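All of the numbers you see were taken from the coordinates with simple rules; none came from a lab. If you're wondering where the values come from, they're calculated on a predicted model, not measured in any experiment. Here Cβ is always computed from backbone atoms with ideal geometry, including for glycine, and neighbour counts include all displayed protein chains.
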Amino acid sequence: MFWLIFTRLIVFILIVIVGTYSGLLLGHGFYESIAVSALFAGFVILVERALSKKKFRDVIIIMLGIFVGLAVGSTVAIILSLFPFFKHIKAWIFVLSNVVFVYLFGMYIYSRREEIGLWGRLGGRRQEITRRYKLLDTSVLIDGRIADIADTGFLEGYLAIPDFVLRELQKIADAKEHQRRIKGRRGMETIKRLKESPHVRVVFLDEDVPHEKEVDAKLVELARMKRYKLITTDYNLQKVAELRGVKVLNINQLALAIRPPLSAGDELKIKIIREGKEKNQGIGYLDDGTMVVVEDAIKYLGEEVECMVHSVIQSETGRIVFARLKGKKEA
């Protein structure tokens, strides 16, 4: 930072000295020359700072817009100068025409920078690669199953983790609450496993969406703008993303699709971990997270019981299995 400020200061002083000397040679006053030179030097520094915050691609696009604007503006000015009405203001027409067309073409081309095929040629296959990016959100990293799927080879390509997701995961890992710390560290371990997988490549994106404050909103907007796919386990995030036209891959939906179907008469062993809504009901969960409601099982709280499925209800968020204790007949 020190050397950057020092360099800018040296450039500012040199421009002021050269500008002031040039102004004196042209017959202008000392204070007038130094004031104009200082303004010009300040303008150069501001432009340099603005460009340093832009990506190389965006700078190339800006330059392309300027050159196209200059070419069109100069051509229009030359044509207009041929008319007698404009001959006396030829210089002003040239300046005004170039300013107008540089602004118009510069802004238009910059606003369409994602659609310009020139960058695809300049960056080789980079454009093709980024279109295959799949964004990972915090929930899918904490869940951890994405690493197991990658290890099987069913998932391939580029998995992208934005920096703002990584920062959120770091905050969770550093939280005071023990359970949150465990989730955050599990997410970090998932990233490590994904990086070691031979079937996928993990990339970290420094792209941000400054006008959005929430991480989920940033993810959806980034995926929409860049046409990335989004991998999540968050049902609500999925619905919001789909409304914005984003393709979403939900790990929970994948689990629902590949697990063996349950039907009436199937037998299960389930551990009762809490009380159900109805009297004497016990609740347990299968390995994939499916809720199992067992009638008259609350007295076995904390124990594993054998039960038989009598019905399965499918909902948008998953399936709920209803069962009764094995050997107990329907009333």
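Selection among Gly157, Tyr110, Leu141 by position relative to the dipole of the chain gives Tyr110 as farthest towards the positive end (Cβ unit charges, Cα centre). Electrostatic tally near Val11: other residues with Cβ closer than 13 Å to its Cβ, Lys and Arg +1, Asp and Glu -1, net +1.
In plain terms, the chain from Leu9 to Phe30 could stretch by 5.5 nm, reckoned as 0.36 nm per residue minus the Cα-Cα distance. The trypsin sites (Lys or Arg not before Pro) found in region 1-85 that occupy coil by DSSP, while having at most 11 further C-beta atoms within 10 Å, are Lys53, Lys55. For the chain, the dipole from Cβ point charges (+1 on Lys and Arg, -1 on Asp and Glu) about the Cα centre works out to 680 debye, to the nearest 20.
Think of the chain as a dipole: +1 on every Lys or Arg Cβ, -1 on every Asp or Glu Cβ, centred on the Cα centre; then among Leu205, Thr232, Leu254, Leu205 lies furthest on the positive end. Summarising the label geometry, the points placed 7 Å from Cα in the beta-carbon direction at Asp148 and Phe83 lie 7.5 nm from one another. Oblate is the label for region 1-89, because the ratio a/c of its alpha-carbon gyration tensor axes (a ≥ b ≥ c) is 1.5 or higher and a/b is not greater than b/c. Semi-axis lengths, largest first, of the ellipsoid equivalent to the chain are 65, 23, 17 Å, with √(5λ) applied to each eigenvalue of the Cα gyration tensor.
Amide H contacts under 5 Å for Asp266: Val309, restricted to partners 5 or more places along the chain or on a different chain, H placed in the peptide plane at 1.01 Å from N.
Could you sort out which of Lys176/Lys213; Lys171/Lys213; Lys271/Lys326; Lys55/Lys229; Lys171/Lys226; Lys271/Lys299 sit more than 18 Å apart by Cα distance in this structure? Check vs 18 Å cut-off fails for Lys176/Lys213; Lys55/Lys229; Lys171/Lys226.
For a test of the definition: using alpha carbon positions, the gyration tensor, and the 1.5 limit on a/c, classify region 131-256 as rounded, prolate or oblate. Verdict is rounded for region 131-256.
Distance between the modelled labels on Asp208 and Val44, one decimal in nanometres: 3.0 nm (7 Å Cα→Cβ projection). Hydrophobic long helices, here whole DSSP H runs in the chain with Kyte-Doolittle means of at least 1.0 and Cα atoms spread over 24 Å or more along the helix axis, are found at 2-25, 30-52, 56-81, 90-111.
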